[in-house]
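This report concerns only the one structure given below.
What follows is calculated from the coordinates using simple rules that are stated; it is not laboratory data. Computed from a predicted structure; not experimentally measured. Heads up, the Cβs are rebuilt from the backbone with ideal geometry, glycines too, and the neighbour counts pull from every protein chain shown.
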Amino acid sequence: MANHVIAASAALLEQMRNHYASDITEHLPAGALFVAKRPGCTITAYRSGKVLFQGKAAEQEAAKWLEPSEQKKAAAPQPRLSAASAIGSDEVGTGDYFGPVVVAAAYVAKEQIETIVAMGVKDSKQLTDEAIRRIAPALMNHIAHQTVILANQKYNDWQRSGMPQTKIKALLHNKAIAMLMERLSPIKPEAIIIDQFIERDLYFRYLEGETNIVRDRVYCYPKAETVHIAVAAASIIARYVFLQEMERLSQKVGMTLPKGAGAQVDQTAAKLMQMHGPAILELCGKLHFANTKKAVQIAKQQ
């Protein structure tokens with residue numbers, strides 16, 4: 001079960017009590033102000049000002065209650081950041097049933113920015129797979145980068161242990177950035193920009209206990225590819241590596257694996273189970289997705 005703790009002022013505690021009024025339960029642990037139970041999350045607020053969120057939806061629920069000052073600090077762009085020598089970091093594969101999670105970190109020095117833009121680098125979601133395959137090799141030869149690939153079997157192990165996907169992403173981003181920083185040394189980037197999937201505060205809470213945490217000059221921005229071209233470069237590299245991994249997995253299981261998590265994925269997963277048995281999905285799928293149950297039902301009906 002995922003656990004998240006935030007610090008709340010007296011005013012925020014009262015606001016939370018009002019917000020969760022219809023979900024508050026009668027039984028209180030020692031020192032608690034209130035306990036509220038919502039689908040996927042139990043919220044326990046303590047007199048000390050600490051608020052504990054527990055359950056599958058804990059990280060999303062906790063993120064709603066960051067203090068305004070924290071939100072502003074995380075969101076406020078730094079002046080002239082787009083012209084800095086920076087590392088950008090982005091991930092691919094978290095919304096796809098088949099295939100691994102791939103995180104890429106890419107370093108673009110300020111004197112490389114114009115060249116990278118001229119190469120056609122932009123957010124990978126705006127590019128076709130054909131364009132990704134054309135641009136990525138030249139880009140990877142031109143800039144320092146690091147990728148981290150989390151195979152499906154390891155992903156499923158982490159997920160079964162109760163690790164939320166947001167923590168998985170935090171661990172992978174930090175690892176890719178740390179490895180790239182080691183390769184760049186003694187060069188130090190002026191900024192490290194992560195395409196935001198969670199607030200900066202929670203990102204670092206997920207990394208507590210890790211031995212090598214990159215903290216200095218780290219920023220988390222929504223649509224970070226518009227903040228610095230290094231993030232767009234990272235998104236292209238991550239997508240390219242993901243496409244390669246999907247091709248490798250497709251060859252291994254003897255069937256083309258579709259991207260996404262739609263109905264075509266359900267049908268493909270069902271056919272794979274019929275061909276190889278249910279264990280095959282451990283190798284190539286993210287088992288906690290709803291697609292697994294749908295595929296099982298389809299396989300039984302056929």
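So here's what we get for this one:
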quantity: Long pairs among 169/223; 125/294; 37/64, criterion Cα-Cα beyond 20 Å; calculated: 125/294
quantity: Semi-axes of the equivalent ellipsoid for the range 3-65, Cα gyration tensor, largest first, Å; calculated: 15, 13, 11
quantity: The range 81-247 - charge dipole about Cα centre, Lys and Arg +1 at Cβ, Asp and Glu -1, debye rounded to 20; calculated: 160 debye
quantity: About the Cα centre, charge dipole magnitude for the chain (Lys/Arg +1, Asp/Glu -1 at Cβ), debye; calculated: 380 debye
quantity: Rh (Kirkwood; distinct C-alpha pairs) - the range 161-302, Å; calculated: 17.7 Å
quantity: Selected from 244, 22, 48, residue furthest toward positive end of dipole (the chain; charges at beta carbon); calculated: 22
quantity: Residue among 18, 156, 291 with the largest mean-square fluctuation in a Gaussian network model of the chain, springs linking Cα atoms under 10 Å; calculated: 18
quantity: Euclidean distance between Cα centres, the range 83-112 to the range 132-167, Å; calculated: 9 Å
quantity: Pairwise centroid distance, computed over Cα atoms, of the range 12-27 with the range 173-193, Å; calculated: 43 Å
quantity: Net charge dipole size for the range 175-238 [Lys, Arg +1 and Asp, Glu -1 on Cβ; Debye, nearest 20]; calculated: 100 debye
quantity: Amide proton proximity set for residue 193, modelled H, under 5 Å, gap of 5+; calculated: 87, 88, 89, 219
quantity: Antiparallel bridges, percent of DSSP beta bridges restricted to the range 81-247 (to nearest 5); calculated: 65 percent
quantity: 121, 227, 296 arranged by Cβ crowding within 10 Å, fewest neighbours leading; calculated: 296, 227, 121
quantity: Estimated translational D of the chain in µm²/s (Stokes, Kirkwood radius over Cα pairs; 10 °C; 1.306 mPa s); calculated: 76 µm²/s
